[in-house]
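The structure appears below as structure tokens.
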Amino acid sequence: MVGDEDHGPVLDRHRPALRGGVRLVLSLLPRVPLNVLPERVLVLGLARSGLAAAAALERRGVEVVRADRELGNDDELALLDGVGLLVKSPGVPGSASLVAAARERGVQVWSEIELAARLLPNPILGVTGTNARTTTAQWLGFMLGAPVAGNVGRALSKLDGSAEPEQLVVVELSSFQLEDVPRFRPRIAVLLNLEPDHLDRHGSFEAYRAAKLRAFENQTEDDSAIVPRGFGEVPGRAARVEFGADDELPVEPSLRGIHNRENAAAATAAARAAGATEEQIERGLREFKGVAHRLELVGERDRVRYVN
């Protein structure tokens, strides 16, 4: 059983297999100077992402005001006193009254992903889309020997101080996490697919689409944009790489189904952009067992396959 935004799976938390890791061939992205952090920050939403963000800020001597839910009265405005930045968890919509009040006061508003990307020195491989994000992100983590974070199970801020500085990090990106990311720049950004979803949060498909495509906005010519074959233009200036289910792969993937072949093609394109060897890619395609509870093959008896 999978979790909702900012909450991990209820029954299982899949851990990526690490095998040494991949180092990017190109130079690392410069880390944003830490002196951009104000002295006092409000963290709104105290699920996994909010707690990790608060801890990362406090390690840097920042005074953190923590709020799990809006108070719904004038008292909540006092939470903004002296605050120079509001960091919001994915579950907090941009339309929330406290967020709107912060903007009116000129307080910067960042998502937890924006904060973490500024604090971590690691290059990021971001995976977004409507479907198959978790499977593809975990597949890439397995293939590249890279830590996986974001919507998949642990907040990106949680890696602060634990991941090797040159280590590529795979990040599953939801549309909620891609709100309020003014400088977020993944070295490689993957869009798997795009269909109407979360319209109750975004209000329209156009707004949902715009949120997803923010993964590409700050990319430069040194970066890679991995998109489905025939998909329209995306923002940013990254080198465009297209993929499709009929791509030639080093080996047929272990996971069955045309949808998984498409996921495998996306993972292969992203892994190549990250500098993985063909041997690493082939082994990853052949040995990855999938994500628990997602069309997971439980067993076979009397020529009948049982799938969870």
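The values are calculated or read from the model by the stated rules, or taken from the named source; none is laboratory data. This structure is a prediction, so every number in the text was calculated from the model and none was measured. Cβ sites come from the backbone with ideal geometry, for glycine too, and all protein chains shown count toward neighbours.
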### Query
Which residues, taken from region 173-214, are among the hydroxyl-bearing types (Ser, Thr, Tyr) and without any contact (Cβ under 8 Å) to a residue 24 or more places away in the chain?
Ser204
### Task
Sort out which residues of region 34-45 are at pLDDT below 95 and in contact with a helix residue (DSSP H, G or I) (Cβ under 9 Å, 6 or more places away or on another chain), and write them in order of number.
Leu34, Val36, Leu37
### Query
Here is a list of conditions, (1) at pLDDT 95 or above; (2) within 30 Å of His198 (Cβ to Cβ); (3) of a type in the set (A, V, I, L, M), and Val62 meets all of them except one; can you say which number that is?
(2)
### Query
Only one of Arg240, Arg256, Arg283 is in the same structural domain as Arg187 (by TED's automatic domain parsing), of a type in the set (Lys, Arg), surrounded by fewer than 20 Cβ atoms within 10 Å (Cβ to Cβ) and within 22 Å of the chain's Cα centre (by Cα); which?
Arg240
#### Entry: Total residues in region 258-292, condition basic (Lys, Arg) and assigned to a loop (DSSP other than H, G, I, E, B)
1
### Task
Spot the failing condition for Lys88; the list is (1) surrounded by fewer than 18 Cβ atoms within 10 Å (Cβ to Cβ); (2) under 26 Å from Leu199 (Cα atoms), and only one is missed.
(1)
## Note on the structure
Residue count, region 232-255, condition outside any strand (DSSP E or B) and in contact with a strand residue (DSSP E or B) (Cβ under 8 Å, 6 or more places away or on another chain), comes to 4
### Task
Filter region 109-153 down to the residues that are β-branched (Val, Ile, Thr) and buried (at least 24 other Cβ atoms within 10 Å of the Cβ), then identify the one that is modelled with the lowest pLDDT.
Val152
### Message
Condition first: under 14 Å from Pro90 (Cα atoms) and in a loop (DSSP other than H, G, I, E, B). Now tell me which residues in region 139-158 satisfy that.
### Response
Asn151, Val152, Gly153, Arg154, Ala155
### Query
outside the structural domain of Lys212 (by TED's automatic domain parsing), touching a Ser or Thr at 6+ places or on another chain (Cβ under 9 Å) and closer than 18 Å to Asp160 by Cα: does that describe Val64?
no
### Task
Might you let me know whether region 160-168 holds any residue that is within 22 Å of Ile281 (Cα to Cα) and in a helix (DSSP H, G or I)?
no
### Query
Before we move on, is Glu179 acidic (Asp, Glu) and buried (at least 21 other Cβ atoms within 10 Å of the Cβ)?
yes
### Task
Output the residues belonging to region 193-214 that are of a type in the set (A, V, I, L, M, F, W, C), assigned to a helix (DSSP H, G or I) and closer than 18 Å to Val181 by Cβ.
Ala207, Ala210, Ala211, Leu213
### Message
So, in region 88-99, how many residues would count as being within 24 Å of Ala155 (Cα to Cα) and either in a helix (DSSP H, G or I) or outside the structural domain of Arg66 (by TED's automatic domain parsing) (or both)?
### Response
2
### Summary
Note on Arg240: of the conditions (1) among the charged types (D, E, K, R); (2) within 30 Å of Ala56 (Cα to Cα); (3) out of contact with any Leu (no Cβ under 9 Å at 6 or more places or on another chain), unmet is (2)
